[in-house]
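J.: Got a structure here, written out as structure tokens. Questions coming.
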Amino acid sequence: MRIPCPYCGERDAHEFAYLGDATLTRPDPAAAEAEQAFHDYVYLRDNPAGAHEEWWYHANGCRQWLRVARDTRTHAISGAVAARVAGEPA
Amino acid sequence: MSTSNRNRLTAGGLIDRARPLGFSFDGTRYRGYEGDTLASALLANGVRLVGRSFKYHRPRGIFSAGAEEPNALVELRSGARREPNSRATVTELYDGLEAASQNRWPSLAVDALSLNRFLQPFLGAGFYYKTFMWPAAFWEKLYEPIIRRAAGLGRAAEEADPDHYEKATAFCDVLVIGAGPAGLMAALAAGRAGARVILADEDFLPGGGLNAEAGDVGRKPAPAFAAEMVAELMSLPTVRVMTRTSVFGVYDSGTYGALERVSDHLPEPAPFQPRQRLWRIIARRAVLAAGATERPIVFGGNDRPGVMLAGAVGTYVQRHAVLPGQKIALFANNDGAWREMLAAHAAGAPVETIIDVRTEVAADLTQAARAEGIRVLTGAQVIATAGKTLTGLTVATASGTERIAADTLAVSGGWSPSVHLTCHHGGKPRWEEAIAAFVPGTCPPGLSVAGAAKGVFGLGACLKDGAAIGAEAAQALGFTVPALDVPDVADAPFALTPFWHVEGSKGAAFVDLQNDVTAKDVGIAHKEGFRSVELLKRYTTLGMATDQGRTSNVTGLAIMASLTGASIPETGTTIFRPPYTPVSMGALAGHHRGKDFRPVRLTPTHEWARAQGAVFIETGAWLRAQYFPRNGEKDWLETVSREVTSVRAGVGLIDVSTFGKIDLQGRDVGAFLDRVYINGFAALAVGKARYGVMLREDGMVMDDGTTARLAPEHYVMTTTTANAAKVYQHLEFCLQVLWPELDVALSSVSEQWAQIALAGPRARDVLARVADGDVSNAALPFMGAIEGTVMGGVKARLFRLSFSGELGYEIAVPARFGAALAQALMQAGEEFGITPYGIEALGVMRIEKGHVSGNELSGQTTAGDLGFGRMASTKKDYIGRTLAARPGLTDPDRPAFVGFRPVDPSRRLRAGAHFLPLGAAPTMANDQGYMTSVAYSPHLGHWIGLGLITRGPERLGERVRAYDPVRGEEIEVEICAPGFIDPEGVRLRG
């Protein structure tokens, strides 16, 4: 796979480390059901066939965390944005 | 040397008769010419028997002239370079080539195991699953060794491969796969448009079918036309022509795998050249122009040496000027094969008989054949063959059967487009009734197919299609493609009547020659219910091994379809997966082998440590000094104990540059550290360092280390050596994803700073002589961290930290001064007996002191388990806090961190031993934890240990068993506090 890094250009996936679902938000630790929410945040994952937004870290490049839009069926990558930049990857 | 070449034509062909090449096969020496393959040179010398078959040891000859070869597999070279299962048909001849036949004993001509032929009834489809089922114990001891000896292919070299393999990456706009008529035109169309083109072809001579074509193209002989096209392509600045290069796989995002055989055509690689090079080609578009593979007709005795694909006969005659035989017959179901034979006949090959299953064949063909004195039998089938190598055929016609003398039988059942690469993303080929063949279905993105690979047959049509597809690929990328003058070649109409299998023929009729799968085996699979293509393949092994069923898949499928009564498209096709042709393990490994498997990281003081006589050990990617033996020391334990004693009594130094070092700057670093460490950092004063523990979000300990505040907005963190990259990645995630609002910038400075730990009661005396400023207890108290200079002006960071439990410092200087600092410290410490120590002594001292390390930070321990429970702040949130409070992680029965001493001080402790209550049986239910770290303490004079045991801190003084079934040892130990030396910390504060 080739990932279009917004800083480095299109680079081979070998340069990146994968984390997973980029749509999760770290729960509020002060909320009433925090423990359950953290359990879900840490352990529960969907396994979609199709569009997936996921975190990739450009470990051997700019060291930026990227939000990447990938189709899990075809590995087609339609875009990537840096985590700090607002907006959707594709 | 035999000089016969008796089957060589005196003129013609793409060989250089002025450049003879000597080679040997099974010890006999022969001569071929430059431009030969091993197969063409063997045929030129009349060698027709080249191997024994996989299961039945039947004599086999050369069947094809390309990558599809199922039979002519040989061992190439000898000794460490011996390479089994090399296809003679694609092995480029070189002077001195050595080849040997495979799978025969004692010799190729007389093979004792050809007895297997008489066992054929028992070795049929699925025999592995039926014959050797009982008794089960016999499989490993008896059946498998016998089968392995009897069945099989070549022998791999037993020595290490002496050659090098490389990996390389290339980028292009258009990758063209195959340099036949379609590929050449596609490359030219895209190349003239200015696109960056890579044209890859597996042959050593680009041109594909043009090199075996008898007719003219553009008023030139076809091979000369091909050569001109190649010359122009090579002259174009944006085009790269790669010969001897097989594109073997299509991967994601337009990435293609290719294998370049750089030196396979040489006795051994030239100096500094690899044998093979593995290419990763990133192409915006690709054109597959891989051509098509001829398929045989299946009939009894169709594996006899002398039976050969019709196209192969044509190639040997036209390209190599070799006559595969003196009495040639053709057995076919299509017009193309007739034309191939007529052309071969015109070139001097004695074609005597043409047998066609069709009752009606175009008059122009039959007339042309008869005019040449060729006998024509239509509506006829070959039902048997005779001879060790072929001497005759039995043919059934409408009027009965007759025997025909022939030493070569050309066979053609039609052509199958080489759709393999189009399937690599899961696309399924589609059956095209008009040509009775599978054509590409859905292709990988960016890949289009041209010429025979998509079922466009005929030279003229291939040239036009190649030009069109090449232009289309370039246009899609925005290039303007100039008009291309494509030579006109009149193609004869395509005429073929599907025909697969001569039923009722005599003798074994092979569908898959490489795996010895017969038409009868397909029938057995059908009878036993293994009817889906995938089951047929696995049950009979049809289509497996080096040729991947190139000449057998479609035929096997067609026979199954006729048995089930379903159509071929209903029966399906097997999916082709990478690699298209075999790729050696050496090429996949590249330079990553042995010591070069991965880069080695050296500490800044590596050379200094070597000069001190250090023994080194790999720790992750690092090579670190393990200990520094001196003359007269009998083992490592004596050396390590001496190092430890010297540090505790005087002073020692060790390179700790391998720790991860992270520079943190910004207004919010304190707040950030508060969120990633369990303990508080916001109140850390400038000039101070603090020990911290960080958790994963699931509540387990991730890492520990110290962070120092050098300036109000400038901190530096250390991590463990092993977790340096992981912690850095985690911190970047926290900053970029979780809390982008924090004003913090991170930078890894592990490589930039050399760091040396100085420990022992005389450490300050030594440091004072090296540091430029005041290092007194007042200026640099315990856990102090200051910036300054050492050695007369070298920028340095001084930390007062202790891992050993002694008065200790860590001195960081820019990496290039690391070795100089070590030398300066050694000089300054000479009068105090300063001792360099390695990571073994470091480990002993941290166990004596009771510090946790990698063995305890196992990813399965909580802060509470390790005794850091009270460090955890309750006034803030931090990563892992919420889930660390889960009942399972706060269970008071969890194994917790304590020390252990042997009740009998003469006994040795073992890491990994499990703790059991005294008298309890060694069961999982009684397991209370395990020993994580052990060391011999020279300070105490006996072994000590650290470990995790249920409710450990509440059980100090209790005795338990340390049970080690792996080593068969068991000893009684006493639980103690995890600090064997100076538990009050007087020494390190002194």
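J.: Along the charge dipole of the protein assembly as shown, Cβ charges K/R +1 and D/E -1, which of B:Gly478, B:Thr658, B:Gly792 sits furthest on the positive end?
T.: Of B:Gly478, B:Thr658, B:Gly792, it is B:Thr658.
J.: Let me ask another. Quote the charge dipole size of the range B:16-123 about the Cα centre in Debye, to the nearest 20; the model charges only the Cβ of Lys and Arg (+1) and of Asp and Glu (-1).
T.: 400
J.: Quick check on packing: order B:90-97, B:71-78, B:5-12 by the mean number of other C-beta atoms within 10 Å, highest mean leading.
T.: B:71-78, B:90-97, B:5-12
J.: To continue, here is another question. Considering the Cα positions of the range B:892-989, please state its Rg to one decimal place and its Dmax as a whole number of Å.
T.: Just the Cα atoms of the range B:892-989 yield Rg and Dmax of 13.3, 46 Å.
J.: Using a 10 Å cut-off on Cβ to Cβ distances, tally the other chain neighbours for every residue of B:725-737 and report the average as a whole number.
T.: That average works out to 4.
J.: Let me ask something additional. Using alpha-carbon pairs under 8 Å, 6+ residues apart, how would you state the relative contact order of chain B in percent?
T.: Over chain B, the number comes to 9 percent.
J.: Shifting gears a bit: Sum -39500 (n - 2.57) across every DSSP H segment of at least 4 residues in chain B, then divide by the residue count to get the 222 nm mean residue ellipticity, nearest 500.
T.: -6000 deg cm²/dmol
J.: Which order do B:Arg219, B:Arg762, B:Arg531, B:Arg319 fall in if you start with the one that has the fewest other Cβ atoms within 10 Å?
T.: B:Arg219, B:Arg531, B:Arg762, B:Arg319
J.: Under 22 Å from the Cα of B:Lys167, which lysines turn up, not counting those fewer than eight places away in the same chain?
T.: B:Lys595
J.: Using Cα pairs closer than 8 Å and at least 6 residues apart in sequence, work out the relative contact order for the range B:660-749, in percent.
T.: Relative CO of the range B:660-749 lands at 39 percent.
J.: Hey, another quick one. Of all DSSP beta bridges in chain B, what percent run antiparallel (nearest 5)?
T.: Beta bridges within chain B, antiparallel portion: roughly 75 percent.
J.: Now, a different point. Multiply the residue gap between B:Ser235 and B:Thr442 by 0.36 nm, knock off their C-alpha separation, and tell me the result in nm, one decimal place.
T.: Extra length from B:Ser235 to B:Thr442 when fully extended: 71.1 nm.
J.: Give the cross-link partners of B:Lys537 among the lysines, using a straight C-alpha distance below 20 Å as the criterion and excluding same-chain residues fewer than 8 apart.
T.: In chain and number order, the partners are B:Lys55, B:Lys130, B:Lys428, B:Lys520, B:Lys527.
J.: Sticking with this structure for a sec: Tell me the volume per residue, in Å³, of the convex hull enclosing the alpha carbons of the protein assembly as shown.
T.: Hull volume normalised by residue count: 224 Å³.
J.: May I pose another question? What is the spread of the Cα atoms of chain B along each of their three principal axes, largest first, in whole Å?
T.: 114, 71, 57
J.: Now for a separate question. At B:Met871 and B:Ala363, where each label point lies 7 Å from the Cα along Cα→Cβ, what is the point-to-point distance in nanometres?
T.: Using points 7 Å along Cα→Cβ, the separation is 10.0 nm.
J.: Answer rounded, prolate or oblate for the range B:660-749, using the Cα gyration tensor with square roots of eigenvalues a ≥ b ≥ c: rounded when a/c is under 1.5, else prolate when a/b is larger than b/c, else oblate.
T.: Judged from the Cα gyration tensor, the range B:660-749 comes out rounded (a/c under 1.5).
J.: Next question, about the same structure. If you bin every alpha carbon distance in the range B:499-574 into 10 Å steps from zero, what whole percent lands in each bin?
T.: 22, 60, 19, 0
J.: FRET efficiency for B:Gln612 and B:Glu166, Cβ-Cβ distance as r, R0 = 41 Å, nearest 0.05?
T.: Calculated transfer efficiency: 0.65.
J.: Let me have the relative contact order for the range A:2-82, percent, based on Cα pairs under 8 Å that are six or more residues apart.
T.: Once normalised by length, the contact order is 32 percent.
J.: Sticking with this one: Select from B:Gly805, B:Tyr539, B:Pro206 the residue farthest towards the positive end of the dipole of the protein assembly as shown; place +1 on Cβ of Lys and Arg, -1 on Cβ of Asp and Glu, and compute about the Cα centre.
T.: B:Tyr539
J.: Here is a further query. Expressed as a whole number of Å, what is the distance separating the alpha-carbon centroids of the range B:803-817 and the range B:857-892?
T.: Taking the Cα centre of each part, the range B:857-892 and the range B:803-817 sit 30 Å apart.
J.: Highest mean first, what order results for B:171-182, B:440-451, B:950-961 on Cβ atoms within 10 Å?
T.: B:171-182, B:440-451, B:950-961
J.: By average Cβ neighbour count within 10 Å, what is the ranking of B:920-930, B:742-752 from highest down?
T.: B:742-752, B:920-930
J.: Note down the magnitude of the dipole of the range B:681-779 about its Cα centre, charges +1 on Lys and Arg C-beta and -1 on Asp and Glu C-beta and zero elsewhere, to the nearest 20 debye.
T.: For the range B:681-779, the charge dipole is close to 460 debye.
J.: Could I ask something else about it? Mind running the shape call on the range B:196-331? Use the C-alpha gyration tensor, a ≥ b ≥ c as the square roots of the eigenvalues: rounded below 1.5 for a/c, prolate if a/b tops b/c, oblate otherwise.
T.: Judged from the Cα gyration tensor, the range B:196-331 comes out prolate (a/c at least 1.5, a/b above b/c).
J.: Which FRET efficiency, nearest 0.05, do B:Val110 and B:Ala476 yield, Cβ-Cβ r, R0 56 Å?
T.: That gives a FRET efficiency of 0.40.
J.: Report, ordered by chain and residue number, the aspartates and glutamates lying within cross-link reach of B:Lys506, taken as a straight Cα distance under 20 Å and ignoring same-chain residues fewer than 8 apart.
T.: B:Asp303, B:Asp356, B:Glu402, B:Asp407, B:Asp516, B:Asp521
J.: Between the range B:953-990 and the range B:339-378, what is the separation of their alpha carbon centroids in Å?
T.: The range B:953-990 and the range B:339-378 have Cα centres spaced 94 Å from each other.
J.: Quick one: work out Rg over Rh on the C-alpha atoms of the range B:689-824, Rh as Kirkwood radius.
T.: Using only Cα positions, Rg/Rh for the range B:689-824 is 1.00.
J.: Just subtract the alpha-carbon distance of B:Glu228 and B:Val903 from 0.36 nm times their residue separation and send over the number in nm, one decimal.
T.: 234.1 nm is the gain from fully extending B:Glu228 to B:Val903.
J.: I want to check the label-to-label distance for B:Arg538 and A:Glu15. Put each point 7 Å from Cα in the C-beta direction and report it in nm to one decimal.
T.: Spacing of the two 7 Å Cα→Cβ label points: 4.0 nm.
J.: So what's the range B:328-411 giving for Cα Rg divided by 2.2 N^0.38 Å, two decimals?
T.: 1.01
J.: Distance in nm between label sites at B:Arg967 and B:Glu638, each 7 Å beyond Cα in the beta-carbon direction?
T.: Taking the simple label geometry, B:Arg967 and B:Glu638 are separated by 2.1 nm.
J.: Can you figure out the FRET efficiency of B:Thr645 with B:Asp927, using R₀ = 35 Å and their beta-carbon distance, to the nearest 0.05?
T.: That pair, B:Thr645 with B:Asp927, gives E of 0.45.
J.: For chain B, what is the charge dipole size about the Cα centre, in debye to the nearest 20, if Lys and Arg each add +1 at the Cβ and Asp and Glu each add -1 at the Cβ?
T.: 1020
J.: Enter the Cα centre distance for the pair the range B:269-284 and the range B:598-642, rounded to the nearest angstrom.
T.: Centre-to-centre (Cα) distance: 38 Å.
J.: Turning to a different aspect of this structure: First select every other residue whose beta carbon is under 9 angstrom from the beta carbon of B:Gly414; then total the charges, Lys and Arg +1, Asp and Glu -1.
T.: 0
J.: Additional query: Could you tell me whether the range B:211-291 comes out rounded, prolate or oblate from its Cα gyration tensor? Rule is a ≥ b ≥ c as square roots of the eigenvalues, rounded for a/c under 1.5, then prolate if a/b exceeds b/c, otherwise oblate.
T.: oblate
J.: I would also like to ask the following. In the neighborhood of A:Ala34, defined by Cβ-to-Cβ distances under 13 Å, what is the net charge if each Lys or Arg adds +1 and each Asp or Glu adds -1?
T.: Surrounding charge for A:Ala34 is -3.
J.: Sticking with this structure for a sec: Which net charge results when you count Lys and Arg as +1 and Asp and Glu as -1 among the other residues whose beta-carbon is under 9 Å from that of A:Glu53?
T.: Its environment carries a net charge of -1.
J.: Place +1 on the Cβ of every Lys and Arg and -1 on the Cβ of every Asp and Glu in chain B, take the dipole about the Cα centre, and give the residue among B:Val727, B:Tyr30, B:Cys423 whose Cα lies farthest towards its positive end.
T.: B:Tyr30
Readers should treat all values here as calculations from the given coordinates under stated rules, not as data from a laboratory. Everything numeric here is computed off the predicted structure, so don't read it as measured data. Cβ sites come from the backbone with ideal geometry, for glycine too, and all protein chains shown count toward neighbours.
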